[in-house]
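Below: one structure, written as structure tokens.
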Amino acid sequence: MEGAGEEDYIEDEGEYTFRFKDGINPLDFVENNDSGVQRYQQFERLEYEALADRKRKAAANCPSEGDSVKKARGEDISAASMDEIMEAMNYGFRRKSRQPKKRGRRKGSKNKLSPQLTRMLGDATLHYAHGRYEEALCVLHEVVRLAPNLPESYHTLGLVHKSLGDYKKAMDFYMIAAHLTPKDSSLWKLLFTWSIEQEDVGQASYCLSKAITADPKDIKLRVLRASLYVELGDYQRAAEAYEQAHKLCPENVDALKAAAQFYQKCGRIECSVRILEDYLKDQPAEADTSVVDLLAAICMESNAHDRALQHIEHAKAVHFSGQEMPLNLKIKAGICHVHLGNMEMAQVLFNDLKPENAIEHVRLITEVADSLMGLGHYDSAMKYYLMCEGNIAGENGLLYMKIARCYLLLKERLQAIKFFHKALETLPDDVDARITLACLLLEEDQVDEVISLLSPPKDLDSSEAHNNQSSRWWVNEKVKFKLCSIYWDKGMLEDFVDTIFPLIRESLYFASLRQKVRTKKRLTKRDLVERVKVLDDRETDNVFRGFRPIAPPSDLLKANRARKLLQKKAILKEKRKAQALAAGLDWQSDDSDDEPQKVSRAPPLCNLLKDGEHHQLVIDLCKALASLQRYWEALEIINLTLRLAHNALSAEKKEELRSLGAQMAYNTTDPKHGFDCVKYIVQQHPHSVAAWNCYHKVTSRLENRDSRHSKFVRVMQGKHTDCVPPLLVWGHQFTALSHHQGAARKYLEAYKLLPENPLINLCVGTSLINLALGFRLQNKHQCVVQGLAFLYNNLRICGNSQEALYNIARAYHHVGLVTLAAMYYEKVLCTYEKDYPIPKLPNENPDMTENHQPGYCDLRREAAYNLHLIYKKSGALDLARQVLKDHCTL
């Protein structure tokens, strides 16, 4: 394998030792490292490959068992003479050893250095000692060329580069020296220390493992490795390392206790208990009593109180026979008795805890109180909690919290409120305590105090009060939700909106931005360069030239693509530069567009789009915004929520949001934002007149004709051929554009489906009369008569209603038949019409009252005004004034 080190196995243990091959310049090993792979990882790879190669050679040289037996039998029969057989019978046959021949040099056969190399090393050391670092480097480079596997030269090179401030090269040379002398633990310890200082945990772990291999009896190294595992969060391996340290040094009880604690932390309780029990069995008389205390604590935490009590009783009999047991063990025994139901025995053991010595045993008293409260003995727990009050310096907040919860369990609400207030003075950021106190105050009907408790402090500036990145209690999600629920329940809509609207809008903005980034993700130049680092530069003639990069095939594929993309970008950049210079412009490279827009912080409400409670909060916010006539903001929230949480929202909540959007769409100045909502309402209720009324009310207010409207109506008509409303809406659209011929065509299609519908007859009649008044129609009189026929048909269907009479009068008036128009206006004035409710949307509250004055369905005022115009035009001014006086004067 080109560039690999020679494999040399130590004679005793068969361990791999790194050696440079002949013809390789070791300095390239340090100078050229563009692959992005750290130095210790390269050594690991060499060691793995050498070990794998050794196994392959061993497997190839070892014949199968059957062949070896047959061959041995044949050789015995053919080659053994009678004299040899007799000699073997008399003196015994000496079999060939099956053990493999040891490889590597024999101990004591190390070649001595030549006088020239010894002199050169001495000169380099003198140059280093006198600060002549360049001269020392020149000499040492020559030594490396002559003797590439001499560790002293690399050690001195490390010292020189360290003095020059090049710690990376110093680390690399020390690493080579350590691998050339793997049994020198001092070098590995030094490398470990440097790795820790550079916060390179992987290299530190590697060097520490090598140091332990070099000096397996050094307990401090094993303890350091355990501490390193703790920093990495690998508690199981930390526990195993501490256990190994204790086995090597049984007197190190701290390592044993640390192993037990970390076994417990990673969930292996039985291992924790086992090693502590084994220690107590091996040293029954000289055992450390702190081990008994720890063992009892672990058993108690795992609810094995009977087992913990047995260990305490055993320790009392062995170590404290005829003596007073330590107070910590006595209290633990009492707690075990409490859990086992022996309250009398527990009280006897707790008698040593008194108010006068409470300041000395606060921790033990708190443990007793916590155990009693956990088992439901609230009165006894309160006794011990109050014993600690005033005796804890700087930690009264937690104690007050426990006292408040204990009073709460004792149903003493006022005392609980008192101590919750005390606790919050010390622990103001405890959100759970603040919420609990707010609930208690609400039960006492102290709403104003609850609002003050949950609102941000008044002495804060606005930026700090609304800084969602702060960890203070007033920006906590639970506090906001509780405050909003109070505002909503009390009908304080403005405060409700001011509290929750900024959070919801910002959270939806973050979700929208994250969706855009996820939809189109651009790799930055920095990302591409990082990917290319996986590939080795095979053109450099270093010791690792020709190695396959350490990476999965998928990463190699990405790296090749990244390299091609970088090359393409470089060509494009040069092209732009040439174009700019050719145009006489100053070239300035700008790679700022390589950086995609990043979401630098988390949204205020992380589960806004996932949790059902949050969805209901969004709906309540939209209702509040609608009540406050903030329709634009409500529609913005509705549209964002429907788009971002489409898969998370339930069908009922989607329906409710779209219904709210439809209601608000025709209340805004530009209803195009609510078009999707009203469209969905019509799709869900295609035969509902109220839904189509809402749709037409929204689309008729669009300033510019939206192409979506025509396409949607056409689709609905094609899908529901027996549905009349889309035909009417299309006809109304033609009427609004003064295309009366198209309107009449659509109205007549609707008439074929519902010939007895009064609205359709009215629409057909008015469209035909409007069409007759145009200039292009030839048979105008026939068209007028047909229009009037439909209007009289409408009169018949409506039972001579006031509205039908008014429509006929208005038609006669429109075509100039004023005599007939006056007659029908007189009939309208003689008819009274009661008020009818205006149709509402589906899902709209039917009990909501409309602000209409009485008589909003009565057309007598309109008829009187039109009649007075006829009288006035004909010259009957007195009649005109009399009609206005009788019907249009309040």
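Data overview
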| item | result |
| --- | --- |
| Amide H partners (placed H, <5 Å) of Leu605, local residues excluded | Ser507 |
| Estimated inter-spin distance, Lys873 and Tyr792, nm [label 7 Å along Cα→Cβ] | 2.3 nm |
| Apportionment of accessible area to carbon and sulfur, the range 274-367, percent (1.4 Å) | 48 percent |
| Cut-off under 5 Å, modelled amide H: who pairs with Leu375 long-range | none |
| Placed amide H near Arg19: partners under 5 Å, 5+ positions off or other chain | Glu6 |
| Formal net charge of residues neighbouring Leu762 (Cβ-Cβ distance under 15 Å; K, R +1; D, E -1) | +1 |
| Potential extension, Lys752-His377 segment - 0.36 nm per residue separation minus Cα distance | 126.7 nm |
| Neighbourhood charge, 10 Å Cβ-Cβ cut-off, centred on Val447 and excluding it, Lys, Arg +1 and Asp, Glu -1 | -4 |
| Around Lys354: net Lys/Arg minus Asp/Glu count, Cβ-Cβ under 13 Å | -2 |
| Segment Gln283-Lys780, length gained on full extension (0.36 nm per residue, minus Cα span) | 166.7 nm |
| Note, ³J(HN,Hα) from phi for the range 246-256, Karplus 6.51, -1.76, 1.60, rounded to Hz, x at Gly and Pro | 5, 5, 6, 9, x, 6, 7, 6, 4, 5, 4 |
| Sequence ranges 797-807, 603-613, ranked by mean other-Cβ count within 10 angstrom, highest first | 797-807, 603-613 |
| With every protein chain in place, the range 139-225: carbon and sulfur % of accessible area (1.4 Å) | 56 percent |
| Count of lysine pairs in the range 332-438 with Cα separation under 20 Å (8 or more residues apart, or interchain) | 12 |
| Contour minus Cα-Cα distance for Cys830 and Gln882 (0.36 nm per residue) | 17.2 nm |
| Inter-label distance for Val529 and Tyr48, nm, one decimal - labels placed 7 Å from Cα along Cα-to-Cβ | 2.8 nm |
| Estimated FRET transfer efficiency (Ala602, Lys490; beta-carbon r; R0 35 Å; 0.05) | 0.70 |
| Probe 1.4 Å - accessible area at Thr889, Å² to nearest ten | 90 Å² |
| The range 111-205, relative contact order in percent, only Cα pairs under 8 angstrom and at least six apart counted | 18 percent |
| Accessible carbon and sulfur surface of the range 731-890 relative to its total accessible area, %, 1.4 Å | 57 percent |
| Per residue accessible area of the range 196-325, 1.4 Å probe, in Å² | 51 Å² |
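The values are calculated or read from the model by the stated rules, or taken from the named source; none is laboratory data. Note that the structure is a prediction, hence the values are computed from the model and not measured. Here the Cβ is made from the backbone with ideal geometry for all residues, glycine too, and neighbour counts use every protein chain on show. The protein model used for the area step is the full one, side chains on, heavy atoms only, and it has no ligands, DNA or RNA in it. Shrake-Rupley method; radii C 1.70, N 1.55, O 1.52, S 1.80 Å.
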